There are 2 protein chains.
Amino acid sequence: MIKDIASRKSRFPFMRNSVGLDIDLIEEIYGKGSFECHLPNEGQHFIFSQSRPFDLIELEQLLQSVGWSRRPLKRVKKALDNSLLKVGLWRHDPKFPRLIGFARCTGDGILEATVWDVAISPIYQGSGFGKKLMLYVIKSIKEMGIKRITLFADPGVIDFYKSQGWTLDPKGMKCAFWYAN
Amino acid sequence: MIKDIASRKSRFPFMRNSVGLDIDLIEEIYGKGSFECHLPNEGQHFIFSQSRPFDLIELEQLLQSVGWSRRPLKRVKKALDNSLLKVGLWRHDPKFPRLIGFARCTGDGILEATVWDVAISPIYQGSGFGKKLMLYVIKSIKEMGIKRITLFADPGVIDFYKSQGWTLDPKGMKCAFWYAN
């Protein structure tokens, strides 16, 4: 078990911290591979998980809180099932963990990966959670062997992505959207 | 069989034409659901297929002929296997059909679909094949129940997409790309 923790820490060095919850407790509640997201202002605990199931109503409320449109839950469920990767960021509570961050990714698993539905609850914005979430998403996608990640950035988050090493509109590219009538 | 042809024609009215190859012959060579792409300048026959297997070397040559970078064939194979949709446009020959157009799509099958690797061989550009290819791709994605399609457009094809009803950079969005070192 000690080896497990050490190996996970070396895989995600940006998450490393000396004080935290017990790894067994984390995995029991949030699923295998989940781990604590440490930030300087402690008191509460926050957990990244790729395996804890989502309450779809809670997920959609989070996405709507940052301005995304409402979507039928049945379609959201299918979209999650067919995503390459889905990451939840949870405010720890042994009985009622609360979803405060989310991102997912679609793609072919080898050449293309596109990130969707990135959200940090407005209450927790400005504390570094968004950056840690994206670092974890990038790391997880890279581990699939994918060398290029794409997303469509809203105007309000362009500087956020730029500051984290994303290239905006490379070679004069543009986003093209086609909408059904 | 007559009903089959009629039903297919009504599904793809933009492909309709009075003269063409026998539908049984087309399906025998190009797979189930394939059909002829008619254009005013006849003489040769062109077929759309979602099921005829690709020769990966031929596919990569086509993509490189329009300026895409070379990619390892093993990765291309996995990417094709994991794509939601892959469309080949073939110049008909009963023994040696030649791939002259291609597009594929990744996504979650319900909310998001992203189009990649759109190519028409330079020899056949400017004849309307690109437009017909994209109409077919859109139609096929719509049939999955998807209401929004996305792609990253190179500067040289921005007007092409705009003229076909795609919205460029909606609400000030930008393409964001992240590249592994």
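FYI, it's all coordinate maths here, none of it is from the lab. Note that the structure is predicted; figures quoted are calculated from it, not measured. Every residue, glycine as well, gets a Cβ built from its backbone with ideal geometry; the counts of neighbours run over all protein chains shown.
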(request) Output the pairs from B:LYS131/B:LYS162; B:LYS95/B:LYS139; B:LYS86/B:LYS139 with a Cα-Cα distance over 19 Å in this structure; if there are none, say none. (result) B:LYS95/B:LYS139
(request) Would you mind checking the radius of gyration and Dmax of chain B based on alpha-carbon positions, in Å? (result) 16.6, 56
(request) Starting at the first residue of the range B:149-155, write each ³J(HN,Hα) from the Karplus equation 6.51 cos²θ - 1.76 cosθ + 1.60 with θ = phi - 60°, in whole Hz, x for Gly and Pro. (result) 10, 10, 7, 9, 9, 5, x
(request) Determine, at each q value in 0.27 (inverse angstroms), the log₁₀ of I(q)/I(0) that the Debye formula gives when each Cα of the range A:55-129 is one equal point scatterer. (result) -1.33
(request) Express in nm, to one decimal, how much length is gained between B:ARG148 and B:HIS38 on full extension, taking 0.36 nm for each residue of separation and deducting their alpha carbon distance. (result) 36.9 nm
(request) One decimal, nm, shortest first: give the distances between the label point of B:ILE123 and those of the same position in the other copies, each label point 7 Å from Cα along Cα→Cβ. (result) 6.4
(message) Within 10 Å, at most 16 other Cβ atoms, and a DSSP state outside H, G, I, E, B define an exposed site. Report the longest part of chain A free of exposed trypsin sites (Lys or Arg not before Pro).
(response) A:96-146
(request) For chain A, find the longest principal axis of its Cα atoms and tell me its angle to the long axis of helix A:2-11, 0 to 90°, nearest 10. (result) 30 degrees
(request) Could you tally the net charge around A:MET173, taking each other residue with its Cβ under 13 Å from the Cβ of A:MET173, Lys/Arg +1 and Asp/Glu -1? (result) +1
(request) With label points built 7 Å along Cα→Cβ from the Cα atoms of A:ASP55 and B:ASP81, find their separation and express it in nm. (result) 3.9 nm
(request) Give a residue-ordered list of calculated ³J(HN,Hα) values for the range B:93-110 (Karplus: 6.51 cos²θ - 1.76 cosθ + 1.60, θ = phi - 60°; whole Hz; x for Gly, Pro). (result) 8, x, 9, 10, x, 10, 6, 10, x, 7, 7, 9, 8, 10, x, 9, x, 8
(request) Using the 7 Å Cα-to-Cβ label point, sort the distances from B:PRO170 to its equivalents in the other copies shortest first and give them in nm to one decimal. (result) 2.4
(request) Taking each label point as 7 Å beyond Cα in the direction of the beta carbon, state the distances from A:GLN64 to the same residue in the other copies, shortest first, in nm. (result) 5.2
(message) Suppose every Lys and Arg Cβ carries +1 and every Asp and Glu Cβ carries -1, with no other charges. What dipole size does the protein assembly as shown come out with about its Cα centre, to the nearest 20 debye?
(response) 180 debye
(message) Could you tell me how far the Cα centroid of the range B:141-155 sits from the Cα centroid of the range A:38-104, in Å?
(response) 25 Å
(message) Stokes-Einstein diffusion coefficient for the protein assembly as shown at 10 °C in a medium of 1.306 mPa s, Rh from the Kirkwood formula over Cα pairs: what value in µm²/s?
(response) 71 µm²/s
(request) Divide by every residue of chain A the summed helix terms, -39500 (n - 2.57) for each DSSP H run of at least 4, and state the resulting mean residue ellipticity at 222 nm, rounded to the nearest 500 deg cm²/dmol. (result) -9000 deg cm²/dmol
(message) Taking each residue in B:98-110, count the Cβ atoms of any other chain within 10 Å of its Cβ, then average. What number comes out?
(response) 4
(message) Just want the ordering: A:GLU58, B:GLU36, from fewest to most Cβ atoms lying within 10 Å of their own Cβ.
(response) A:GLU58, B:GLU36
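Viscosity 0.890 mPa s, temperature 25 °C: Stokes-Einstein D of the range B:118-181 from its Kirkwood Cα radius, in µm² per second?
Roughly 179 µm²/s, to the nearest whole number.
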(message) Please rank A:ASP169, A:ASP159, fewest neighbouring Cβ atoms within 10 Å first, as an exposure proxy.
(response) A:ASP159, A:ASP169
